[in-house]
Amino acid sequence: MRNLTGKKDALHGEAQAAKEAIVSFLIALKNYGLYPQSHAICKKSIAIVHSRLQDFLNSYHSLRLDVEKDRLLFKSQVVHQDAEGGDSLAFLLFRDGIQWLEFETGLDPQEIQEFLKIMHKYKSSQDGAEGDFVTALWEAGFPNIHYKAADIYWDSEPLFDLSSLNVGKVEHGSVDEYEEKQENSLNIAPENVETSLWKLTPEEAEKLREMILEDERRDTAQDLLDMVLVLLNDQRNEKDLMEVLEFLEGEFQDTLAQGDFGFAYKFLVKLHRVIKTYASQRPWALPVLYRFFKRISSPQVLGALSRVLLTLDALDSDRISLLRKFLVLLPSEATLALGPMLSQLRSPSVQRQLMQVIAIMAKRDPSPLEQLLDSPEEFMVQKLVRVLGYLKDEKSTQLLLRMTHHSSEKVRKQAVIELFARGQHFIKHLFPLIEDPSQSVRRLILDQLGGEKNRSVEALLLDYLEQARFKITDHQHLMACYRALGRCGSSDSIPFLRSLLFNRKWILDFGRSVHRKGAVVALVSLGTEEAKELLHKASRSLFPSVRIAYRKALEVN
Amino acid sequence: MTDKTRHQGADSQKSNLQGEVFLRAFYRLIQTVKIHQDNNHLLIECAKDLVNRMAPLWVDEDYVTIKVSRGRFLLEDEKLLYRRENVNLIQEMLRYFEQRNLQGLRFHRPVKDCSFEEILSFVRILNLAEKRSEPMKWLDQQLDETSFLWVEIVQDPRVVSEQRNLERREMARRTYSYALSSLKEVSEKIISQRRPGIRKLKRITQNMIDLLTEDESVLLGMSTIRDYDDYTYTHSVNVAILSLCLGKRIGVSRVSLTRLGVCGLVHDLGKVEIPREILNKPGKLSHQEFQEMKRHPIKSVSQIIKLRASRDLKAKIVLPPFEHHLKYDLSGYPKLKSKKSISLFGRILTIADVFDALTSPRIYRSRAFSPDHALSMMLEGSGKDFDPILLKVFINILGVYPIGTFLYLDTGEMGLVMDSPENGDKARPKVVLLKDDGQGGFKKDKVVNLAEKDPRTGLYKRNTKKSINPSVLGVQAAKFLV
């Protein structure tokens, strides 16, 4: 027999090791509250807990902790005391009814990690309406962590008394009559009862196995939405309807996340029918339903589409078509969610479909689109300007004209393209862009101005060149203006061009050569007999400066 | 007598004497510890003496076992002989063991390394056990807490099994009771416009699954509980139990079983919204009343959606209650345009729901069907109302005569089916015989197996004449089963 001191020392050593394990555990739990679980500090904490517990278990096989309200005991010795206002490890376990907790040899870091996750979850959860630490431990089914829990929720309840329950003894008719009635019906248990009634054939056993697998794989989102549609028809008051719609919102979002556009389409069609029914029978519900439609069109719900849309390409034409069919059933507010997706999409065909959907929505109500046009997202706004191009109404024109003043060069340019695509009606509005800071916008404008013979454009250009010619320092731009004048111009421009080319009063003007050159370019572009005569005259001019201008202009042209 | 047998006899005599010496040392210690403090020299000597007396007995094994069997002490399965000198000692010790329901003790070799305080502490616990209402249970708990690795209580496996059985029955009773009260609480909260959570229902379902894993028949026995006055609550708990049994048998994972059990508990929650006049109407419902009644699965869904839980969890438990009257071929209610088959859990709930309903006394039906007749009726709807494969499995679990069926036997005896044979003849279950208690009721008699044959004639000793639902006789089957 060992002496008392030896025994005490051993117990002390054991308790000390238990304490160390618990301390490491507490630190890990704290870190779980401070850092994400994938953080190196959390991972390190788990490694330390595992190592401490492993050391303990290697020496003593199991660590069983008895739980009291604010402390943990190991072999009747206190190994942890909850600090006041600090950690409450013992109380957390005690609160949910844990009586003891045991860690056994074989414990791996994964188990510890999961265990900590559960502890952390229920440490911060004050509600626990759908479970607690004990239910979570049960579900986790740890192979090396055992526990015993008390039925704390029913502690103060008396057990029911079986004899107090009424089994419904005979009141109507006699037992004999009953037996007679029952004997007339089929009975499963005749003398030689067939075992096939309860024994599965190998085929049935296989079918059962498949049935279970199939059910595990089954996407219940559709079933749930079908169910909710039935449920919706049964609602009699606003509060209940709102509850159902709230649930529905989540299910709808799940369906979107799974990319089932076909079902989403059918669902919305049915939902529209439900609305019609409500309109005639329960008009009080309409505002609630409309609000619901707005909610499912919000970025929070439709955002679920982003990831799915990235996986689509032109080959998924059927799905893309379903996507379009489904989206157009949403209210115009969906634009606020769909617009930002444009900049993320890789597939041009998906992008195009989305833009067309937005256009359809804008026809119903342009305000969400208008709202998005103010966004600083250049790429999205550029795409939305293209969408405006699909619309041919007055509002879209106004918006396009507004967009020609946008801070982004690309957006302005797109707006100009879309406006010119509508013809030359907006030329006066667009003409000021001839001085746009962006060269590409200027070029686009001039290309458009010089696109065809047009007296109005000619007049504008003549006026511009007469008024602003001394201010223009960009020779390239100046040449482009003259070229455009030539292309759109007529005999009306000849006097102005002749004067530029031959007027001697200008001889000392600085930069006159560039205008002479411009006049040559314009005359070449003009290409009329009168213009050709002037050019011929210029080529034979006595003044070298005119001849040089002629020659250089031809080189450039 | 040969030399060999003479030699064996001498050995046996020697070990018998050693056993007697050990028993005497044990007796001395038991008595001395009652008088002295731990630091008493004599007491310490007694403790040392006990350990020393064990030493010669550790020759073949690392432990020594002393147990009581049929009024005799056995030392390593060898009877301790009575001698004139030891009669008093043995009788005293037998009484000591008997007062504590103690069947035996096993001392392991590490006892020689433990402190004498530990030995004294153990003996004091042994002495105290006598005063406890359940000395063995208390002793077991105490030793469990102290974690003495050198001593263990030896129990007859039959006794251990019976004790465990009792514990399971107790747990089953508690679980059923808590399930009922939790369900009532949920309903009351709904009625008073509050939002109940499902934590308790989840926890109780997990307890049911634990029980089911250990002993299916105990839980099935509980599912025979009937309450005519408050049908919906017992019905819901019974449906949960029956669904869990079916789910477990077909291999549903334990986490999914929790979901299935909770579905069973809440499947009729919508009935809180059905007017009581309709729920409790004797006789046939009018068309309008029936239409209202048919709305209860939808109402259940509405109530489940309002529970205080995450949408994810609610989405997992809402569908089967919605489907439980849809029927396998979707010909039931509520009417659906979709032709998708109902979910696995929906099909399970349908079977459990109908079985419990048919076997329960209801206000609109003068009698409940006997469980075997209920199964027969359900078989008629196999493939139409019920999934045929699941129904087969269900019958396989319950047997031809399900637990709780009241049987009239050809011997003139009456019995309640208490277990369905796992293998063998499903029509010949174990039954607990019931006798007239002289007060218009019944009392429990012995348990018999209907598969038992008379060895002389080769014929079955007992055959079933007819079956009946126990409620017809006013019998609460569970009272005799758990």
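The values are calculated or read from the model by the stated rules, or taken from the named source; none is laboratory data. These figures come from a predicted structure and were not determined experimentally. With ideal geometry, Cβ positions are generated from the backbone for all residues, glycine too; neighbour counts draw on all protein chains shown. Each accessible area value is taken on the protein alone, full model and side chains, heavy atoms only, with ligands, DNA and RNA left out. Shrake-Rupley method; radii C 1.70, N 1.55, O 1.52, S 1.80 Å.
Assorted remarks:
- Residues of segment B:219-233 that are in contact with a helix residue (DSSP H, G or I) (Cβ under 7 Å, 6 or more places away or on another chain) and either within 11 Å of chain A (Cβ to nearest Cβ) or not in a helix (DSSP H, G or I) (or both): B:Met222, B:Ser223, B:Thr224, B:Ile225, B:Arg226, B:Asp227, B:Tyr233.
- Flag for B:Val266 being open to solvent by less than 10 Å² (accessible area, probe 1.4 Å), within 14 Å of chain A (Cβ to nearest Cβ), over 21 Å from the mean Cα position of the chain (by Cα) and not charged (D, E, K, R): yes
- Subset tally (residues that are under 24 Å from B:Tyr233 (Cα atoms), over 41 Å from the mean Cα position of the chain (by Cα), surrounded by 13 or more Cβ atoms within 10 Å (Cβ to Cβ) and at the interface with another protein chain (Cβ under 9 Å from one of its Cβ atoms)) for segment A:132-166: 9
- Segment B:165-185 - residue that is more than 20 Å from B:Leu242 (Cβ to Cβ) and under 8 Å from the mean Cα position of the chain (by Cα) and, of those, modelled with the highest pLDDT: B:Glu170
- Residue match in segment B:367-377 (condition: open to solvent by less than 10 Å² (accessible area, probe 1.4 Å), free of Cβ contacts under 8 Å to residues at least 40 places away in the same chain, charged (D, E, K, R) and within 8 Å of chain A (Cβ to nearest Cβ)): no
- Of the helices (runs of 4 or more DSSP H) entirely within segment B:122-218, those holding at least 1 residues that are under 25 Å from B:Val255 (Cβ atoms), open to solvent by less than 70 Å² (accessible area, probe 1.4 Å) and in contact with a Lys or Arg (Cβ under 7 Å, 6 or more places away or on another chain) occupy B:157-191, B:199-214.
- All positions within segment B:276-299 that are without any contact (Cβ under 8 Å) to a residue 40 or more places away in the chain, away from chain A (no Cβ under 14 Å) and surrounded by fewer than 16 Cβ atoms within 10 Å (Cβ to Cβ): B:Arg276, B:Glu277, B:Ser286, B:His287, B:Gln288, B:Phe290
- For segment A:71-104, the tally of residues that are open to solvent by less than 10 Å² (accessible area, probe 1.4 Å), assigned to a loop (DSSP other than H, G, I, E, B) and not small (Gly, Ala, Ser) stands at 1.
- Of the residues making up segment A:489-530, those that are assigned to a helix (DSSP H, G or I) and at pLDDT below 75 number 4.
- Checking each residue in segment A:12-70 for being open to solvent by less than 30 Å² (accessible area, probe 1.4 Å), assigned to a helix (DSSP H, G or I) and within 14 Å of another protein chain (Cβ to nearest Cβ) picks out A:Glu14, A:Ala15, A:Ala18.
- Number of residues in segment B:332-366 that are facing chain A (nearest Cβ under 7 Å) and either open to solvent by less than 20 Å² (accessible area, probe 1.4 Å) or hydrophobic (A, V, I, L, M, F, W, C) (or both): the value is 5.
- First in segment A:210-233 and more than 9 Å from chain B (Cβ to nearest Cβ), second anywhere and in a helix (DSSP H, G or I), Cβ under 6 Å, 6 or more apart: A:Leu225/A:Glu251; A:Leu225/A:Phe267; A:Leu232/A:Val274
- B:Met1 being at pLDDT below 85 and either within 43 Å of the chain's Cα centre (by Cα) or more than 14 Å from chain A (Cβ to nearest Cβ) (or both): yes
- Whenever a residue of segment B:457-482 is at the interface with chain A (Cβ under 8 Å from one of its Cβ atoms), its partners that are among the acidic types (Asp, Glu) and open to solvent by 40 Å² or more (accessible area, probe 1.4 Å), lying with C-beta atoms within less than 8 angstrom and at least six residues away or across chains, give the pairs B:Thr464/B:Asp410; B:Lys466/A:Glu183.
- Members of segment B:378-420 found to be of a type in the set (Phe, Trp, Tyr) and more than 9 Å from chain A (Cβ to nearest Cβ), listed by number: B:Phe386, B:Phe406, B:Tyr408
- Unique match (being of a type outside the set (Lys, Arg), open to solvent by 10 Å² or more (accessible area, probe 1.4 Å) and touching a residue at least 12 places away in the same chain (Cβ under 8 Å)) among A:Val457, A:Val514: A:Val514
- Residues of segment A:259-297 that are open to solvent by 20 Å² or more (accessible area, probe 1.4 Å) and not in a helix (DSSP H, G or I): A:Asp260, A:Arg282.
- Each residue in segment B:188-204 was checked for being touching a helix residue (DSSP H, G or I) at 6+ places or on another chain (Cβ under 8 Å) and facing chain A (nearest Cβ under 9 Å), and 8 of them qualify.
- Residue pairs whose Cβ atoms lie under 8 Å apart, sitting 6 or more positions apart in sequence or on different chains, and linking a residue in segment B:79-100 that is assigned to a helix (DSSP H, G or I) to a partner that is at pLDDT 80 or above and of a type in the set (Val, Ile, Thr), are B:Leu94/B:Val68; B:Tyr96/B:Ile30; B:Phe97/B:Val68; B:Glu98/B:Val68.
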